[in-house]
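The values are calculated or read from the model by the stated rules, or taken from the named source; none is laboratory data. Keep in mind that what you see is a predicted model, and the values were worked out from it rather than measured. Please note: Cβ atoms are built from the backbone with ideal geometry, for glycine as well, and neighbour counts cover all protein chains shown.
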Amino acid sequence: MSATTSPVDIAHLTSLVDVISSALKDVAAEYSKVGCQIPSLDDTRPGPFDLSENSNLRLNRAVQIVEGACAQLCATIARPSHYMSNKAYCFYQPACLEAAFSAGISDILLDHPNGMHITELSKASGIESGKLGRVLRLLATQHCYREVEPDVFANNRLSMKLLARDPIGNFIGHISDECMKGGAYLFSTLSDPLMGRSYEVVKAPFVKAMGQSIFDWYNEDPRGRTVHERFNQGMIGLGEFNGRGLLTKAYPWGTLPRDTVLCDVGGGNGHAALAVLKAFPHMRAIVQDQEHVVSTGKDLWIRECRGAVDGDRVSFLPIDFFKDTPAPDCDVYYARHVLHDWPDAECLKILTNIRKAMKPSSRVLIHEYIYQNACATKTQSYTLERAPEPLLPNFGAGRFKVYTQDVNMMALMNAKERSIEMFIGLGEQAGLKFVGYHDSGDTGLVEFALP
């Protein structure tokens, strides 16, 4: 007598599939608007939305939904032992990415669209052929590079980001090298009775791994000095990774009056303010950072926006934002990825100094990753958008970079990313009033004013 089987309820799975299907329609609609097909992974030509400045929030959200739903579907149907073991092995992916980037594999393959055998790649890169082939095969299995024939590899859409000239490749090199070193010592630091409860930079996991803070390592360690320029280029890549190009679309810059002054506090060479003034040339900018950093800005602006330089619409002023007050009476004070480098006490010094410089109508824009809880929270007027059910409310894997970057900041400098509630609290302590939140894709702008 056969056993009676009950129908299997897969509604929670089909609802994920429905969410994916709906988001894919949004993706297709955005490509249709610009008259392009969605690129194949095998295509090495740039796609219409490859740069964040050409993308938009609707497309960004759709991609986050697809990423989150696909990951949640895989986590649901796979054996837990299978899924978790694969996760534990994931650290070999960045190790192989660093090997491919540092060996210049993508650059070597540029003139060989049909691929190169690993023996030829070995001669060009100096990496032993058998080991190189295994590294590239792991990456090809994750859709970075193509294995077109046995032991013959070619570039594809993803491996083009590992070109030496691409800032994203430099960012990947930074993450897969020095950041991995800090991450490897995460638990041994957390469980250390002297270091685990500290938020001092000198007690971060990277220090336990390398014996000195990361910036001392860049300046003093022989290996650190060799990759310092990679770090500088990687920070430009980080801006693209974070969707810096959406900054011009996330805030109503176009409604601000002529000669509105944007003060970019801790702005490096001013690349964020540059994007705003290129899109809204009626504005002016003051870029402020340490003297040796901000002094590099003029050359960048001459190349990218000479009219602003020739028209005296941009100036570069040194600042120690812990001690100094920014340029007074600016209309907008903008700080991008500054506060995430520092504990709360130092953040309060920065915000308090900004407040001292403000006029009554000034606004402050804090541009950072904004993390959400992985569970539903009480709805407030400023609550970030929730993902459609049954996804995790914070989009899960679709916004995974927010949480990896949070732990990365902990591992490197004992710093952190913050929730919007944390930023509101910091603003209140510094004497600032929360005004609103502006979504900019993977990051957000938290707006403050004087009370």
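I'd like to check something: does region 160-174 contain any residue that is within 15 Å of MET413 (Cα to Cα) and either in contact (Cβ under 8 Å) with a residue 24 or more places away in the chain or aromatic (Phe, Trp, Tyr) (or both)?
Scanning region 160-174 turns up at least one residue that is within 15 Å of MET413 (Cα to Cα) and either in contact (Cβ under 8 Å) with a residue 24 or more places away in the chain or aromatic (Phe, Trp, Tyr) (or both).
Step by step: first the residues of region 35-74, then only those that are in a loop (DSSP other than H, G, I, E, B) and among the hydrophobic types (A, V, I, L, M, F, W, C), then the one that is nearest to the chain's Cα centre (by Cα). Which residue is that?
LEU51
Looking at (1) on the phi < 0 side of the Ramachandran plot; (2) surrounded by 13 or more Cβ atoms within 10 Å (Cβ to Cβ); (3) among the small types (Gly, Ala, Ser), find the lone condition where GLY268 falls short.
The single condition GLY268 does not satisfy is (1).
Mind counting the residues in region 259-313 that are among the hydroxyl-bearing types (Ser, Thr, Tyr) and closer than 18 Å to VAL364 by Cβ?
So the answer is 1.
For region 308-331, how many residues are hydrophobic (A, V, I, L, M, F, W, C) and in contact with a Cys (Cβ under 7 Å, 6 or more places away or on another chain)?
Residues in region 308-331 being hydrophobic (A, V, I, L, M, F, W, C) and in contact with a Cys (Cβ under 7 Å, 6 or more places away or on another chain): 2 in total.
Restricting to region 166-205, give me the number of residues that are more than 20 Å from the chain's Cα centre (by Cα) and either assigned to a helix (DSSP H, G or I) or among the aliphatic types (A, V, I, L, M) (or both).
Adding up the residues that qualify gives 13.
List the residue pairs whose Cβ atoms are under 7 Å apart, where the first residue sits in region 303-329 and is assigned by TED's automatic domain parsing to the domain that holds ILE350, the second is assigned to a loop (DSSP other than H, G, I, E, B) and loosely packed, with under 11 Cβ neighbours inside 10 Å, and the two are 6 or more positions apart or on different chains.
ASP329/LYS359
Would you check which residues across region 141-155 are outside any strand (DSSP E or B) and over 22 Å from the mean Cα position of the chain (by Cα) and list them?
THR141, TYR145, PRO150, ASP151, ASN155
Spot the failing condition for ALA411; the list is (1) crowded, with 22+ Cβ neighbours inside 10 Å; (2) assigned by TED's automatic domain parsing to the domain that holds HIS337; (3) modelled with pLDDT of 95 or more, and only one is missed.
For ALA411, the failing item is (2).
Can you find a residue in region 160-171 that is within 20 Å of LYS416 (Cα to Cα) and of a type in the set (A, V, I, L, M)?
no
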